[in-house]
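K.L.:
Questions regarding the structure given below will be posed in turn.
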């Protein structure tokens, strides 16, 4: 699966650090035609052909009618600011994948009825997030996206539909929590748990929220929940999900780096693109 090329270089950024990171990225832009410090990225920036704009990246970045050009140029400058990739192909693949996310035409269908929905239900852009309750990055990213769609830059613009990927007891417990009206509360609590979690962790957290353990466990272990978790996993497989978290932004599979700022940035871009149609 072509994504997360910089995962080893840039781990998930905690929510408290994100505003500073955004400020840093916004100030990364360099004067037009200034050379980048990484020789390969400098040549990539100058020679990369943006098919959607029928021009190379420098011209596309300056073209008001080609908003994807400016985004790709900022992405290259960001890669130059972090550098450190083991091979030049990492940079090339990352740029290609970021472009495919922004301008790709392939869309994937997902059943969103009856699954946890975060944010304003009338928001114009739907993002499907396949997650696993045992995945540390999923929990942290969910917490950040929850903040963004409820009080941040994505408020009123994006709604997040969360779907489990993986037929595990933890995912079944989280689906049961949704059925009992407390999915987001438990996911946000799990974001503060270091490392991977198990079913007992979820049940213990639920008890602090005044769940009746036996009732909660009965719902989590019910055939109907098991069937829904299995169906979500099968759907994810059909849509090409191999790792979690995986996002489908307006139906397009997100293929870029697993960095929260770029994920949110891509969602904002898709919102504006949707409005322009």
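K.L.:
For the chain, set up a Gaussian network in which alpha carbons nearer than 10 Å are linked by springs, and say which option among 198, 80, 214 fluctuates the most.
P.N.:
214
K.L.:
DSSP beta bridges in segment 117-238, what fraction antiparallel, as a percent rounded to 5?
P.N.:
20
K.L.:
In degrees between 0 and 90, to the nearest 10, how far off the longest principal axis of the chain does helix 260-275 point, with axes built from Cα atoms?
P.N.:
It works out to around 80 degrees.
K.L.:
Still on this model: Round to the nearest 10 and give me the degree value, 0 to 90, for the angle of helix 88-103's Cα axis relative to the longest principal axis of the chain.
P.N.:
Compared with the principal axis, the helix lies near 70 degrees.
K.L.:
Express the Stokes-Einstein translational diffusion coefficient of segment 49-130 in µm² s⁻¹, to the nearest whole number, given a Kirkwood radius over alpha-carbon pairs, 4 °C and a viscosity of 1.567 mPa s.
P.N.:
85
K.L.:
Here's something else I'd like to know. Specify, per residue and in Å³, the volume enclosed by the convex hull of the alpha carbon atoms belonging to segment 191-233.
P.N.:
Convex hull volume per residue, Cα atoms: 90 Å³.
K.L.:
Counting each DSSP H run of 4 or more residues in the chain as -39500 (n - 2.57), what helix-only mean residue ellipticity at 222 nm follows after dividing by all residues, to the nearest 500 deg cm²/dmol?
P.N.:
On the way: 12 runs with 141 residues, N = 277.
Roughly -15500 deg cm²/dmol at 222 nm, from the helical runs in the chain.
K.L.:
Only one of the listed values, (i) 13.6; (ii) 18.1; (iii) 14.6, was derived from the coordinates as mean projected area of the Cα convex hull in nm²; which label is it?
P.N.:
(iii)
K.L.:
To test your reading of the geometry: what angle, between 0 and 90 degrees and rounded to tens, separates the Cα axis of helix 223-238 from the longest principal axis of the chain?
P.N.:
Long axis of 223-238 versus the principal axis of the chain: about 20 degrees.
K.L.:
Does segment 117-238 classify as rounded, prolate or oblate by the C-alpha gyration tensor (a ≥ b ≥ c root eigenvalues; a/c under 1.5 gives rounded; else a/b over b/c gives prolate, otherwise oblate)?
P.N.:
Since a/c reaches 1.5 and a/b is larger than b/c, the shape of segment 117-238 is classed as prolate.
K.L.:
Here's another thing I want to ask about it. What's the center-to-center distance, using Cα atoms, between segment 99-130 and segment 193-238 in Å?
P.N.:
23
Read the figures in this text as sums done on the coordinates, not as results from a lab. Keep in mind it's a predicted model, so treat the numbers as computed, not measured.
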